[in-house]
Amino acid sequence: MSVKFTEEHEWITVAGGVATVGITTHAAEQLGDVVFVDLPAIGKTVQKGKEAAVVESVKAASEVYAPIDGEIVEVNTSIADEPSLVNSDPEGGAWFMKIRIANPAQLDGMMDRAAYDKFVGK
């Protein structure tokens, strides 16, 4: 399963028309210690580029944007219960939401790992 990345520092994987979305390791490092995660409601419709969730750290609060249009079909309650998971496993178990994809063409412009690493200066 290939991972795609956005300029807003979200990662996305797709399986069966559903996208799993989280924030990148780079974003988690920039945030510092995450202390609170506000997840969207299941059934909510999200739009690409619009706020879908909020993550708060000891440094700042930051929006997590929807990388695609669609409907929230699942959220990761474990990160709401234990926000530090976002720091320890941002590109794995600490995913934020699953979105039923409304427009698969929106995936086309996203970066692969090499392009994202270049984007963040790695």
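Values quoted throughout were computed directly from the atomic coordinates according to the rules given, and no laboratory measurement underlies them. Every value quoted in this text rests on a predicted model; they were computed, and no experiment measured them. No Cβ is skipped: glycine too gets one built from the backbone with ideal geometry, and neighbour counts run over all protein chains shown.
Tell me whether the chain comes out rounded, prolate or oblate; compute the Cα gyration tensor, take square roots of the eigenvalues as a ≥ b ≥ c, and use a/c under 1.5 as the rounded threshold. Oblate is the answer for the chain, as a/c is 1.5 or above yet b/c matches or exceeds a/b.
Working from label points 7 Å from Cα in the Cα-to-Cβ sense, the ALA115 to ASP38 distance is 3.2 nm. In a fully extended conformation the segment linking GLN47 and GLU74 would gain 8.1 nm over its present Cα-Cα distance, using 0.36 nm per residue.
In this structure, the amide hydrogen of ILE23, modeled 1.01 Å from its nitrogen in the peptide plane, lies closer than 5 angstrom to those of TRP11, PHE96, counting only residues at least 5 positions away or on a different chain. Taking a straight line from the alpha carbon of LYS4, these aspartates and glutamates sit under 16 Å away, with near neighbours fewer than eight places off in the same chain left out: ASP69, GLU91, ASP108, ASP112, ASP117.
Length gained on full extension, GLU29 to GLU8, computed as 0.36 nm times the residue gap minus the Cα-Cα distance: 6.2 nm.
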